[in-house]
Amino acid sequence: MYKVLASMEQGEEVDRVDDRHIPGPDGDVLVRVYTPHAAVGEAHGVLVWLHGGGWVIGDLDTADATCRALANRAGCVVVSVDYRLAPEHQAPAALDDCVAALVWTVENFELLGVDASKVAVGGDSAGGNLAALVCQRVRDEFGPDIDFQLLVYPVIDLTQSHPSMEENADGFFLTKDAMTWFVGHYLGAGDPKDASVSPLYADDLSGLPPALVITAEYDPLRDEGEAYAARLRDAGVPTDLVCYDGQIHGFLSMASMLDDGKAALDQVGAALRAALA
């Protein structure tokens with residue numbers, strides 16, 4: 001399904017696109033670097049983008065149109081990460097790859113033509129889960145500073161216990177059964193309440209980067225994303241929460257078909273521009 005959606009989206013032109021193999025914790029990780037025309041000739045901020053797909057499917061190609069649009073709207077370089085997928089590579093393999101990609105991005109700021117003091121991490125769905133976890137790990141391990149986190153209809157609680165999981169269980173693109181399948185492949189015998197896979201269960205959310213959390217009304221993941229935004233605010237983290245009424249999971253990736261997808265891309269681009277200014 002994600003491949004079908006990706007093939008329907010026509011990517012915008014950017015100045016250049018480069019694929020690079022970078023060192024990872026268990027072999028090389030492939031990343032795709034998007035440089036928009038606005039960023040040519042001077043150092044701009046950078047967004048490390050983590051694609052969705054339930055940690056099982058999705059790749060650089062399925063994220064391509066979104067990354068191009070984000071680069072253009074935010075006027076920043078985007079580094080898209082082809083992290084390892086389950087079930088061959090269960091948690092925390094994907095997270096380890098994403099952290100490695102962030103560290104590489106910051107360490108190679110001159111190569112990428114970016115300002116290492118202007119760094120954002122973002123993702124959609126399972127990528128939103130990984131983005132939230134990257135921010136938590138970096139804070140705890142004193143890694144590179146992150147200035148902003150962008151969480152688009154993120155998976156935040158692998159217990160699947162929030163009301164919207166039942167309210168929107170069927171008929172809205174992403175189903176509860178699909179989430180159960182994704183979580184089972186990714187988590188294996190692991191504990192869904194482990195904070196290393198479910199960001200909502202972290203003891204302390206203070207000191208995390210400012211956040212924009214986007215949810216969709218008819219998404220099984222709506223309530224857990226909103227619960228995380230509430231916890232971030234309670235911890236003193238500046239957090240904007242926007243629920244797109246009438247929308248389903250994945251709508252940002254359907255911008256060529258949905259006006260709300262275009263509106264969300266514009267909103268995200270403006271938020272990134274402000275955060276990385």
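The values are calculated or read from the model by the stated rules, or taken from the named source; none is laboratory data. In this text the structure is predicted, and so the values were computed from the model without any measurement. Quick reminder, even Gly has a Cβ in these numbers, built from the backbone with ideal geometry, and neighbours come from all protein chains shown.
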Self-check item: Filtered residues of segment 11-43 (kept if surrounded by fewer than 20 Cβ atoms within 10 Å (Cβ to Cβ), within 18 Å of Ala69 (Cβ to Cβ) and at pLDDT below 70)
Solution: Val40
Exercise. Select, from Asp240, Asp223, the only residue that is under 13 Å from Val268 (Cα atoms) and not aliphatic (A, V, I, L, M).
Key: Asp240
Quiz item: Within segment 246-261, is there a residue that is out of contact with any His (no Cβ under 7 Å at 6 or more places or on another chain), on the phi > 0 side of the Ramachandran plot and not hydrophobic (A, V, I, L, M, F, W, C)?
Solution: yes
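From Trp55, Trp104, which residue is buried (at least 18 other Cβ atoms within 10 Å of the Cβ), over 13 Å from the mean Cα position of the chain (by Cα) and aromatic (Phe, Trp, Tyr)? It would help to see each step written out before you state the result.
Values: Trp55 fails: over 13 Å from the mean Cα position of the chain (by Cα).
The unique qualifying residue is Trp104.
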Practice problem: Write out, first by first residue and then by second, each pair whose Cβ atoms fall under 7 Å of each other, whose residues are 6+ apart or on separate chains, and whose first residue, in segment 12-33, is closer than 13 Å to Ala94 by Cα while the second is in a loop (DSSP other than H, G, I, E, B) and not aromatic (Phe, Trp, Tyr). | Solution: Leu30/Leu60
Quiz item: Which of (1) touching a residue at least 60 places away in the same chain (Cβ under 8 Å); (2) crowded, with 20+ Cβ neighbours inside 10 Å; (3) not charged (D, E, K, R) does Leu85 not meet, given it meets every other one?
Solution: (1)
Exercise. Give the residues of segment 147-197 that are in contact with an Asp or Glu (Cβ under 6 Å, 6 or more places away or on another chain) and over 19 Å from Met254 (Cβ atoms), sorted by residue number.
Key: Ile156, Asp157, His162, Pro163, Ser164
Practice problem: Working only within segment 27-53, note down all residues that are part of a loop (DSSP other than H, G, I, E, B) and either among the aliphatic types (A, V, I, L, M) or over 19 Å from Ala101 (Cα atoms) (or both). | Solution: Pro36, Val40, Gly41, Glu42, Ala43
Quiz item: Can you tell me which residue in segment 231-277 is modelled with the lowest pLDDT, limited to those that are in a loop (DSSP other than H, G, I, E, B) and more than 17 Å from Ala211 (Cα to Cα)?
Solution: Ser256
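Can we say Val183 is surrounded by 22 or more Cβ atoms within 10 Å (Cβ to Cβ) and among the hydrophobic types (A, V, I, L, M, F, W, C)?
Taking the combined requirement at face value, the residue satisfies it.
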Practice problem: Report whether or not Val242 is under 17 Å from the mean Cα position of the chain (by Cα) and not aromatic (Phe, Trp, Tyr). | Solution: yes
Quiz item: With respect to the numbered conditions (1) free of Cβ contacts under 8 Å to residues at least 60 places away in the same chain; (2) among the hydrophobic types (A, V, I, L, M, F, W, C); (3) in contact with an Asp or Glu (Cβ under 6 Å, 6 or more places away or on another chain), which one is the sole condition not fulfilled by Leu212?
Solution: (1)
Quiz item: Which pairs do you get when a residue that is over 15 Å from Ala93 (Cα atoms) and at pLDDT below 95, found in segment 44-58, comes within reach of a residue that is buried (at least 24 other Cβ atoms within 10 Å of the Cβ) and not polar (S, T, N, Q), reach meaning Cβ atoms under 9 angstrom, with the pair 6+ apart or on two chains?
Solution: His44/Ala74; His44/Cys76; His44/Val77; His44/Val114
Quiz item: Using beta carbons and a limit of 8 Å, which pairs, at least six apart or on different chains, have the first residue in segment 253-270 and within 21 Å of Gly53 (Cα to Cα) and the second one surrounded by fewer than 18 Cβ atoms within 10 Å (Cβ to Cβ) and among the polar types (S, T, N, Q)?
Solution: Ser256/Gln10
Quiz item: If we only count helices (runs of 4 or more DSSP H) wholly inside segment 105-168, which ones have 3 or more residues that are out of contact with any strand residue (DSSP E or B) (no Cβ under 7 Å at 6 or more places or on another chain) and under 21 Å from Tyr218 (Cβ atoms)?
Solution: 163-167
